């Protein structure tokens, strides 16, 4: 009986030793992760941060965030433009089409400042309305 227990204990010690050495060998053979430098965007001198607006040559964003009776859109902060559901797009569309034409650029800047992306489907519509402003 003593020989059986001694044999089992020796077997367990041997398995533990091989497991330890195997893990140590694997950890030593993996190359160390190389840190990848992350480019930091350097803001241009005249850029407002609302790139879609700057590209169209519209007004610059100020520090104050203006709301256009669209506080409910804050729920969609940090949502990617291609992830909106049809009902959510309709909320954005409703606000867009209730704005005066001269308010659209300010609304787009407001969305940008609040971290809200305009749905992909509405971008052409918004920019068409901007082009047709008088």
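Since every read-out is calculated from the coordinates, none of them should be taken as a lab result. From a predicted model like this one, the values you see are computed outputs, not experimental measurements. Counting neighbours? That spans all protein chains shown, and the Cβs are built from the backbone with ideal geometry, glycine included.
Each residue in 103, 71 was given a count of other beta-carbon atoms within 10 angstrom of its own, and listing them fewest first yields 71, 103. Residue exposure proxy: 15, 2, 95, ordered by other Cβ atoms within 10 angstrom of their Cβ from fewest to most, comes out as 2, 15, 95.
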